[in-house]
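Here, each number is a calculation from the coordinates, and none is a lab measurement. Because the structure is a prediction, the values reported are computed rather than measured. Heads up, the Cβs are rebuilt from the backbone with ideal geometry, glycines too, and the neighbour counts pull from every protein chain shown.
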There are 2 protein chains.
Amino acid sequence: MQDFIYNIPTKIIFGPERLALLPEEIKAHGNRVLLLYGKNSIKTTGLYDKVVGQLKNHSIVFEELSGVKPNPSIESVRAGIRMMYEHKLDFILAVGGGSVIDCAKAIAAGYHYDGDAWDLVVGKATIQKAVPIGTILTLAATGSEMNGSSVISNEATIEKIGFGSPLLRPVFTFEDPTLTYTVSTYQTAAGSVDIFAHLLENYFSSHDDEGISDRMIEAMMLNVIHYAPIAVATPDNYDARANLMWTSTLALNGLTGFGRSGGDWASHAIEHEVSAYYDITHGAGLAILFPYVLESYLAKDIVDKLPLTKFTQLGRNVFHLEADDDAILAQLTIDALRDFFRSLNMPLQLNEEKVDDTHFRAMADHPVNTTGTLGCYQPLTADDIYTIYKKAL
Amino acid sequence: MQDFIYNIPTKIIFGPERLALLPEEIKAHGNRVLLLYGKNSIKTTGLYDKVVGQLKNHSIVFEELSGVKPNPSIESVRAGIRMMYEHKLDFILAVGGGSVIDCAKAIAAGYHYDGDAWDLVVGKATIQKAVPIGTILTLAATGSEMNGSSVISNEATIEKIGFGSPLLRPVFTFEDPTLTYTVSTYQTAAGSVDIFAHLLENYFSSHDDEGISDRMIEAMMLNVIHYAPIAVATPDNYDARANLMWTSTLALNGLTGFGRSGGDWASHAIEHEVSAYYDITHGAGLAILFPYVLESYLAKDIVDKLPLTKFTQLGRNVFHLEADDDAILAQLTIDALRDFFRSLNMPLQLNEEKVDDTHFRAMADHPVNTTGTLGCYQPLTADDIYTIYKKAL
């Protein structure tokens with residue numbers, strides 16, 4: 001087991017109709033709020049009125065910035081920072097899914113940085129200080145609600161890049177599973193794939209059994225496999241929505257990474273390239289690409305005569321598979337993963353999402369242009385990535 | 001899934017030889033330290049010198065209180081509070097296992113209470129404020145290092161009572177698995193049973209499948225079943241010690257309880273009665289009593305025609321058992337639990353620990369004298385508890 005420091009101060013207030021606690025949670029950290037959200041869906045569901053009602057009733061000053069997009073852009077970040085200064089705001093309340101929360105984090109960091117916030121995203125500057133953030137989660141997917149990570153897109157440079165700092169962990173998050181009842185079947189499925197993909201990224205960090213960390217990841221995977229189909233079939237099933245929401249948070253708050261040497265994250269980087277060029281939902285992209293990445297790993301493992309422990313324990317412990325031969329069990333495991341994604345009506349090939357091969361070369365070269373390879377389980381070269389895109393087409 | 005608030009600010013510094021971080025962690029909360037420990041074992045292992053060296057090198061004033069016993073007494077608590085006032089101390093550093101940490105918590109709470117600290121233990125007064133506590137853990141067992149719970153004994157009244165408050169969570173805990181290399185085979189086994197028992201207490205909180213909470217408990221159980229025998233057989237196996245240590249913390253920091261309606265905790269209360277009268281190690285007492293409590297539950301479930309979900313999923317998911325009949329599977333599961341405890345050389349009957357039936361009536365009556373029954377899975381009456389003691393004799 002690797003050394004680690006566990007320090008997760010984010011407070012989670014879980015359950016329906018708990019927004020009466022919002023004002024005191026905000027007031028513990030700030031007085032003048034940037035209210036950040038995406039589409040108008042929070043207005044149609046009534047959530048907007050409830051939040052604004054709480055703020056007004058407790059005389060909390062706020063300014064609104066709406067229209068944050070699914071792949072939040074650096075333009076929204078810059079707009080948010082300008083508003084923070086203009087209105088002398090000292091707290092950010094992000095109401096939405098991972099995109100809105102990610103945008104809030106970039107604003108929080110950029111506010112205290114003299115240059116352009118994009119410098120922080122690409123790592124040209126480090127985050128020294130951040131405005132406190134609180135969130136009201138409306139989608140079970142990214143885990144952004146309890147971690148310090150963020151992914152921001154730059155349409156001008158066609159880049160989608162992840163960055164982070166412990167300083168960006170939200171100070172509180174309200175998780176009301178009933179807020180996800182109105183999430184579409186497609187987005188529910190894509191969110192579930194995203195959760196599962198976060199678990200896979202940490203799981204495939206090494207070829208060894210990682211003890212308690214692996215066991216907890218498997219527990220969360222079993223939970224997603226059980227509840228995602230229920231949530232897709234019956235959107236207002238509370239237990240399914242609640243289990244997915246809490247699992248989305250636990251899957252990426254750090255817990256599954258403690259004691260192991262980071263995660264793989266190659267599949268995420270490979271998917272981010274697709275999202276940067278095409279209008280594709282992140283989870284759908286992962287459903288397509290992750291099985292192909294694993295098949296690439298399996299082929300390399302077999303060539304390198306490495307133990308297939310991660311594949312076989314995933315097959316046995318999560319998909320309840322068995323086979324005499326480890327290589328066969330490993331392939332059956334990848335097949336079962338693909339079957340699970342398909343059972344949620346997720347795409348399995350890029351062409352299903354109208355992605356063509358026009359940019360494959362650039363999409364394969366870009367994620368390795370500074371590091372040479374991608375991921376840690378079986379480092380992938382640009383050619384490996386190109387082959388993965390081709391197979392996934 | 002039940003509503004909950006997750007708020008676990010304890011920082012965990014995990015790994016060998018990380019005490020260089022100790023002074024800054026203390027200084028974030030206090031300047032004048034009560035150094036609390038138990039036997040002289042921390043002197044023979046060299047830990048004492050390392051801790052004191054760090055304190056002296058960074059000019060941190062400290063006073064020592066040693067001799068905290070395995071079932072920490074209210075006398076030690078009172079002595080600690082007196083020292084805090086006498087030397088104007090403002091921080092408690094507990095070096096040891098759960099007993100030392102539990103004693104620190106009672107001192108921390110009692111310091112800010114005008115009356116006798118025992119009032120806080122028995123619930124005659126509530127905890128309003130507490131001195132900050134840091135811990136250096138030397139035993140994987142109680143989970144006290146990351147929660148707000150404490151168990152204190154009163155030899156005068158022959159009582160051993162648990163109490164707690166979120167205010168009592170340690171602000172930091174150092175977990176160095178190598179510090180547990182010198183823990184005896186017996187105490188390693190007893191500590192592992194204690195961890196497993198905490199998981200069982202939460203698991204048997206209801207007759208339903210509790211989703212992610214149950215899955216995580218099962219993951220931790222699988223981990224204890226795998227690593228406890230390794231730690232018993234090879235005391236300096238780092239992975240085994242590390243997995244047990246981190247699992248002891250996760251098993252009772254609140255994580256396994258979120259989303260469910262508390263735990264059962266009848267077995268713990270029943271064991272506390274035994275510990276109050278006899279010199280028995282807590283984990284050994286749990287190894288004896290827990291299977292008998294479960295057999296009592298199973299018999300009641302069958303009479304009440306209740307689903308045996310908790311037994312059957314424990315059998316299938318943790319002990320990999322199968323049977324056509326749920327009642328048979330349930331009994332096989334309890335048998336497997338007993339076999340696991342016995343495989344660690346734990347006792348399975350009270351007479352193995354020189355406990356006789358002299359006080360059974362008082363030990364059965366006391367834990368229900370205010371509430372009428374004990375536990376929530378299948379509330380136990382005094383007569384039920386008496387029968388359990390008799391069978392376990």
Handout entry: Kyte-Doolittle mean at least -1.0 and Cα axial length at least 20 Å: DSSP H helices in chain B
Key = B:185-203, B:212-233, B:282-304, B:326-343
Practice task
Pull out the extension gain between A:Thr126 and A:Ser343, defined as 0.36 nm times the separation in residues minus the alpha carbon to alpha carbon distance; nm, one decimal.
Solution key: 73.9 nm
Completion exercise
For segment B:275-372, whose charge dipole is built from +1 on Lys and Arg Cβ atoms and -1 on Asp and Glu Cβ atoms, the candidate among B:Thr281, B:Phe360, B:Thr370 with its Cα farthest towards the positive end is B:Thr370
Practice task
Please report how far the C-alpha centroid of segment B:89-156 lies from that of segment A:104-126, rounded to the nearest whole angstrom.
Solution key: 43 Å
Exercise for the section: Please identify the longest segment of chain A free of exposed trypsin sites (Lys or Arg not before Pro), where exposed means a DSSP state other than H, G, I, E or B and no more than 12 other Cβ atoms within 10 Å. Expected result: A:130-304
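Using DSSP, restrict attention to beta bridges with both residues in segment A:25-166 and report what percent are antiparallel, rounded to the nearest 5. Please list the in-between numbers first.
Values: 6 of 22 bridges.
For segment A:25-166, the DSSP antiparallel bridge percentage is about 25.
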Exercise for the section: Please give the FRET efficiency for B:Asp335 paired with A:Lys69, using the beta carbon to beta carbon distance and R0 = 60 Å, rounded to the nearest 0.05. Expected result: 0.55
Completion exercise
Quick note, segment B:1-115: a/c under 1.5 would make it rounded; otherwise a/b > b/c is prolate and the rest oblate (a ≥ b ≥ c, C-alpha gyration tensor); here it is rounded
Exercise for the section: List the aspartates and glutamates whose Cα lies under 12 Å from the Cα of A:Lys124, skipping any in the same chain that are fewer than 8 positions away. Expected result: A:Asp116
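Over chain A, what relative contact order in percent results from Cα pairs under 8 Å that are six or more residues apart? The partial results should precede the final answer.
Values: 733 pairs, mean separation 59.3, N = 393.
Reported as a whole number, the value is 15 percent.
Can you put A:Glu63, B:Glu271 in order, fewest other beta carbons within 10 Å first? Don't skip to the end; give the middle numbers.
Working: A:Glu63 16, B:Glu271 24.
Fewest-to-most Cβ neighbours within 10 Å comes out as A:Glu63, B:Glu271.
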Handout entry: Nitroxide proxy distance, nm - points 7 Å out along Cα→Cβ at A:Thr234 and B:Asp119
Key = 5.2 nm
Practice task
Determine the dipole magnitude for segment B:185-392: charges of +1 sit on the beta-carbon of Lys and Arg, -1 on that of Asp and Glu, nothing else is charged, the reference point is the Cα centre, and the result goes in debye to the nearest 20.
Solution key: 240 debye
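Mind checking segment A:309-388 for GluC sites (Glu not before Pro) that DSSP puts in a loop (not H, G, I, E or B) and that have at most 16 other Cβ atoms within 10 Å? Display every interim value, and only then the final one.
Working: sites: A:Glu322, A:Glu352, A:Glu353; in loops: A:Glu322.
When the GluC sites (Glu not before Pro) of segment A:309-388 are filtered for loop state and at most 16 Cβ neighbours within 10 Å, A:Glu322 remain.
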Completion exercise
Among A:Trp246, A:Asn202, A:Ser213, the residue whose Cα sits farthest towards the positive end of the charge dipole of segment A:184-392, when +1 is placed on the Cβ of each Lys and Arg and -1 on the Cβ of each Asp and Glu, is A:Trp246
Exercise for the section: Return the distance in nm (one decimal) between the two label points of a simple spin-label model at B:Thr373 and A:Thr45, each offset 7 Å from Cα along Cα→Cβ. Expected result: 3.9 nm
Exercise for the section: Just tell me which aspartates and glutamates come within less than 12 Å, Cα to Cα, of B:Lys300; anything on the same chain fewer than 8 places away is out. Expected result: B:Asp384
Exercise for the section: Treat every Asp and Glu Cβ in the protein assembly as shown as -1 and every Lys and Arg Cβ as +1, leave all other atoms uncharged, and give the resulting dipole magnitude about the Cα centre to the nearest 20 debye. Expected result: 2060 debye
Exercise for the section: Would you mind listing the distances between the A:Ala28 label point and the same position in each other copy? Use 7 Å along Cα-to-C-beta, nm, one decimal, shortest first. Expected result: 1.6
